[in-house]
């Protein structure tokens, strides 16, 4: 992982059935950034993934998790890229290997607009006890818990 320090770091996701992979994504952002912008998919956009908790619930859960921090903003995402394609003050984005292609697309859009590309920090997927990635889908199906323990 990078030891570079960034002024503003973006991270985004559905954050449904909050799990250890989500925790690593967000903790990485806080380790490298002074200000963290957390995008949470809206009900309409996030609903493309199936049955998920309402956006307000997911945002509230994140606020509860981060109650001891003050250097973050949680914003609703209505589409894949959110403010990352317009906000010049964002320096970096933290993604999982699963979403790295989206970060590359964001940088292409930024370049096309004459903006500086974001530094992309990619974390590995957190594996469950069975060696497969922890995911909200697997938790919803009852295969694993939020810590990756097989149920």
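The values are calculated or read from the model by the stated rules, or taken from the named source; none is laboratory data. The shown structure was predicted, so the numbers you read here are calculated from the model rather than taken from an experiment. Cβ: placed from backbone, ideal geometry, glycine included. Neighbour counts: every protein chain shown.
Which fully enclosed helices (runs of 4 or more DSSP H) of the stretch 1-88 have 1 or more residues being over 20 Å from residue 107 (Cα atoms) and in contact (Cβ under 8 Å) with a residue 40 or more places away in the chain?
Of the helices (runs of 4 or more DSSP H) lying wholly inside the stretch 1-88, those with at least 1 residues that are over 20 Å from residue 107 (Cα atoms) and in contact (Cβ under 8 Å) with a residue 40 or more places away in the chain span 20-32, 55-65.
Would you please name the residue that is farthest from residue 5 (Cα to Cα), looking only at residues in the stretch 89-111 that are modelled with pLDDT of 95 or more and in a loop (DSSP other than H, G, I, E, B)?
89
Looking only at residues that are under 18 Å from the mean Cα position of the chain (by Cα) and part of a loop (DSSP other than H, G, I, E, B) in the stretch 118-147, which one is farthest from residue 16 (Cα to Cα)?
In this case the residue turns out to be 118.
Can you give me the number of residues within the stretch 112-151 that are modelled with pLDDT of 95 or more and under 23 Å from residue 5 (Cα atoms)?
9
In the stretch 23-39, how many are over 22 Å from residue 134 (Cβ atoms) and either surrounded by fewer than 16 Cβ atoms within 10 Å (Cβ to Cβ) or in contact with a helix residue (DSSP H, G or I) (Cβ under 8 Å, 6 or more places away or on another chain) (or both)?
2
Which condition from (1) closer than 19 Å to residue 6 by Cα; (2) over 13 Å from the mean Cα position of the chain (by Cα); (3) modelled with pLDDT of 95 or more is the one that residue 70 breaks?
Just one mismatch for residue 70, condition (3).
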